[in-house]
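Written below as structure tokens is the structure these notes are about.
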Amino acid sequence: MSKTLKIGIIGCGGIATGKHLPSLAKQSNAELVAFCDIIQERADKAAEKYGVEGAKVYTDFRELLKDGSIDVIHVCTPNDSHSEISVASLEAGKHVMCEKPMAKTAAQAREMLEAAKRTGKKLTIGYQNRFRNDSQHLKQLCENGELGEVYYGKALATRRRAVPTWGVFLDEEKQGGGPLIDIGTHALDLTLWLMDNYKPKSVMGSTFHKLGHRENAANAFGPWNPEEFKVEDSAFGFITMENGATIVLESSWALNIRDFSEAQTILAGTEGGADMKDGLTINGENLSRLYETKVDLGAGGVAFYSGETETDSDREARLWLQAVIEDTDPVVTPEQALVVTEILEAIYESAKTGKAVYFE
């Protein structure tokens, strides 16, 4: 394979123009050669700003996939189409980066994993919070055993009032849910990855639609339309792993809390703990005394590429393309992302039935 990868973008909305395209454009081993969106104007604008000379524009992703010169596809569409487009892309011989969550349902996510195995092509999911400086540093500490056996985690994705009012975020049919599947998925992925534990045993969940019906509500993005608000405004899960470890997941777009946080985790192990509130802090015990250490991540605590400052998304893009070129596993494997989707689905199911969901 050429050291320069030809990339096609399917879905040219906010996540593509706000994250994928700016970061891919910085990579010397990437060429953005094809753009697809059901709204041609969006694809045209993306191609004009980020595409190489002669970049092609499509409104049907199937036509884009007929281009045999494309090596990699980035899927940046609503959740309900992740699986269909990713599977088709893999079967067309492309490596795939799909935005989070992996899919709307666990069954769809499993189809994606099976397609990746069947075709031998790489598949990864856009969980960019793994690539933050604090996440990378804490992962190293966990791998080095600094926290000992991590048996408790809290995955935090809570907003006081920040309901996204654009696109299809409030459409349950398109998205599969609200804050749980939108931002809760990031916090859960981060926590599972840091704990290195992907064997859930049981899940209990609760979802609430208590505030979404309000007219002219205070909101960071302007009042939402109650008639369009078809998803939960908050959701919570209690997850027990096979080894007894426990994870509490909190997610909300609208919740009457003062202490809100997003894409953060709290870990507790036998030798120490960690939290990401107001920066990464490690706590522990030494010489019969308790201590807390706030980690300074501004002085090169994580190895930087070419001595330059990378954003989280830049690092995600670079390491993804590197995995394709060097034929190594991506940082986010499809097997890991599938477990995230299975747990999210179990929380929704438990909330509907009022019963625990058990994994075989």
Are there any strands (runs of 3 or more DSSP E) wholly within segment 28-110 with 1 or more residues that are open to solvent by 50 Å² or more (accessible area, probe 1.4 Å), and if so which? 30-36, 56-58
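To keep it simple, each residue is scored yes or no on (1) modelled with pLDDT of 95 or more; (2) more than 30 Å from ILE39 (Cβ to Cβ); (3) of a type in the set (A, V, I, L, M, F, W, C).
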{"residue": "LYS94", "(1), (2), (3)": "yes, no, no"}
{"residue": "CYS98", "(1), (2), (3)": "yes, no, yes"}
{"residue": "ALA116", "(1), (2), (3)": "yes, no, yes"}
{"residue": "SER135", "(1), (2), (3)": "yes, yes, no"}
{"residue": "TRP193", "(1), (2), (3)": "yes, yes, yes"}
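Got at least one residue in segment 156-172 being within 13 Å of the chain's Cα centre (by Cα) and either assigned to a loop (DSSP other than H, G, I, E, B) or of a type outside the set (S, T, N, Q) (or both)?
The initial filter retains those residues of segment 156-172 that are within 13 Å of the chain's Cα centre (by Cα), namely 157.
Checking the rest, the ones that are also either assigned to a loop (DSSP other than H, G, I, E, B) or of a type outside the set (S, T, N, Q) (or both) come to 157.
The answer is yes; a qualifying residue exists.
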Given (1) aromatic (Phe, Trp, Tyr); (2) in contact with an Asp or Glu (Cβ under 9 Å, 6 or more places away or on another chain); (3) open to solvent by 30 Å² or more (accessible area, probe 1.4 Å), index of the condition PHE131 fails: (3)
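Scan LEU113, LEU32, LEU90, LEU64 and give me the residue that is aliphatic (A, V, I, L, M), in contact with a Leu (Cβ under 9 Å, 6 or more places away or on another chain) and in contact (Cβ under 8 Å) with a residue 40 or more places away in the chain. If you could, list the steps in order and put the result at the bottom.
Numbers: LEU32 fails: in contact (Cβ under 8 Å) with a residue 40 or more places away in the chain; LEU90 fails: in contact (Cβ under 8 Å) with a residue 40 or more places away in the chain; LEU64 fails: in contact with a Leu (Cβ under 9 Å, 6 or more places away or on another chain).
Answer to the selection: LEU113.
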What single numbered condition from (1) under 17 Å from the mean Cα position of the chain (by Cα); (2) in a helix (DSSP H, G or I); (3) under 26 Å from THR309 (Cα atoms) fails to hold for LEU113? (3)
Condition set touching a strand residue (DSSP E or B) at 6+ places or on another chain (Cβ under 7 Å) and charged (D, E, K, R), scope segment 1-42, selection farthest from VAL72 (Cα to Cα): answer is GLU31
Scope segment 214-259; condition surrounded by fewer than 17 Cβ atoms within 10 Å (Cβ to Cβ), among the aliphatic types (A, V, I, L, M) and not in a loop (DSSP other than H, G, I, E, B); matching residues: VAL248
Can you pull out the residues in segment 323-346 that are surrounded by fewer than 22 Cβ atoms within 10 Å (Cβ to Cβ) and either part of a loop (DSSP other than H, G, I, E, B) or acidic (Asp, Glu) (or both)? GLU326, ASP327, THR328, ASP329, PRO330, VAL331, THR333, GLU335, GLU342
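Name the residue, out of ILE15, ILE7, that is touching a residue at least 24 places away in the same chain (Cβ under 8 Å), open to solvent by 50 Å² or more (accessible area, probe 1.4 Å), touching an Asp or Glu at 6+ places or on another chain (Cβ under 7 Å) and of a type in the set (A, V, I, L, M).
Among ILE15, ILE7, only ILE15 is touching a residue at least 24 places away in the same chain (Cβ under 8 Å), open to solvent by 50 Å² or more (accessible area, probe 1.4 Å), touching an Asp or Glu at 6+ places or on another chain (Cβ under 7 Å) and of a type in the set (A, V, I, L, M).
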Enumerate the pairs (first residue in segment 121-148 and among the small types (Gly, Ala, Ser); second residue anywhere and outside any loop (DSSP other than H, G, I, E, B)) with beta-carbon separation below 7 Å, excluding pairs fewer than 6 apart on the same chain, so at least 6 apart or on different chains. GLY126/MET97; GLY126/CYS98; GLY126/GLU99; SER135/ASN129; SER135/LEU190; GLY148/GLY269; GLY148/GLY272
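Let's see how each residue does on (1) under 25 Å from LYS352 (Cα atoms); (2) modelled with pLDDT of 95 or more; (3) within 24 Å of the chain's Cα centre (by Cα):
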position: MET241; (1), (2), (3): yes, yes, yes
position: VAL248; (1), (2), (3): yes, yes, yes
position: THR281; (1), (2), (3): no, yes, yes
position: GLY307; (1), (2), (3): no, no, no
Return only the number of the condition from (1) of a type in the set (Lys, Arg); (2) over 23 Å from THR311 (Cα atoms); (3) in contact with a helix residue (DSSP H, G or I) (Cβ under 8 Å, 6 or more places away or on another chain) that LYS66 does not satisfy. (3)
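The values are calculated or read from the model by the stated rules, or taken from the named source; none is laboratory data. If you're wondering where the values come from, they're calculated on a predicted model, not measured in any experiment. In this analysis, Cβ positions are derived from the backbone assuming ideal geometry, glycine residues included, and neighbour counts consider all displayed protein chains. Accessible surface is based on the protein model in full, side chains and every heavy atom, while ligands, DNA and RNA are left aside. Shrake-Rupley method; radii C 1.70, N 1.55, O 1.52, S 1.80 Å.
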